[in-house]
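Participant: Attaching a single structure in structure tokens format; questions to follow.
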Amino acid sequence: MSNFTNFDLENRTFLFAKAVRSYCKEVTANIANIQDIKQVTRSSGSVAANYIEANESLSKADFLFRIKICRKEAKETKLWLNLIDIHDKPFLDETKNKLVDEAQQLTLIFNAIIKKSS
């Protein structure tokens, strides 16, 4: 997994979505995990996609709307990561914790952008 201290937020959100996908490939596929993996894949990708859309926004209102979606999706990604059952693969704990931390850091970054832009 790559280091998330990248200051290019578009690239950082892209790398986050890729890291989530790599993590999901290692998780045991059971009935609950399959559904959670689908959700976390969507929400992590949505963070990156909506950040790209925010950068291409046509107005300040559109920019703020997209950034708020990024924040919402980052928070949702954190939830899904925590719901995925990895008890049979404890070696994935460190990876999960890094991903959860990155989701939290992205949430805080989007909060700061919203406050500065409002």
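Participant: Could you tell me the calculated FRET efficiency between residue 65 and residue 21, based on Cβ-Cβ distance and R0 = 35 angstrom, to the nearest 0.05? Before the final figure, lay out the partial values.
Facilitator: Working: r = 26 Å, r/R0 = 0.74.
Approximately 0.85, to the nearest 0.05.
Participant: Something else now. Pull up the cross-link candidates among the aspartates and glutamates for residue 89, meaning alpha carbon to alpha carbon under 14 Å and not fewer than 8 places away within one chain.
Facilitator: Output for residue 89: 26.
Participant: Also, I was wondering about something else. For a test of the definition: using alpha carbon positions, the gyration tensor, and the 1.5 limit on a/c, classify region 1-107 as rounded, prolate or oblate. Write down the numbers at each step before the final one.
Facilitator: Numbers: a/c = 2.63, a/b = 1.87, b/c = 1.41.
The shape class here is prolate.
Participant: Only Cα pairs under 8 Å and at least 6 apart count here; give the relative contact order of region 9-117 as a rounded whole percent. Mind showing how you got there, number by number?
Facilitator: Values: 115 pairs, mean separation 33.7, N = 109.
Reported relative contact order: 31 percent.
Participant: Moving to a separate point now. Mind listing the phi-derived Karplus ³J(HN,Hα) values for region 91-108, rounded to whole Hz, using 6.51, -1.76 and 1.60 with θ = phi - 60°, and x for any glycine or proline?
Facilitator: Values per residue, Gly and Pro as x: 5, 7, 4, 4, 5, 4, 4, 5, 5, 4, 4, 5, 4, 5, 4, 5, 4, 5 Hz.
Participant: Could you give the nm distance between label points at residue 53 and residue 93, where each point is 7 Å from its Cα heading toward the beta carbon?
Facilitator: 3.8 nm
Participant: Cross-link candidates for residue 60: which lysines have Cα within less than 19 Å, leaving aside residues fewer than 8 places away along the same chain?
Facilitator: Filter leaves 68, 72, 115, 116.
The numbers here are math on the coordinates, done by the rules we state, and not lab data. Being a predicted model, the structure only gives us computed values, none of them experimental. Methodologically, a virtual Cβ is constructed for each residue, glycine included, from the backbone with ideal geometry; neighbour enumeration extends over all protein chains shown.
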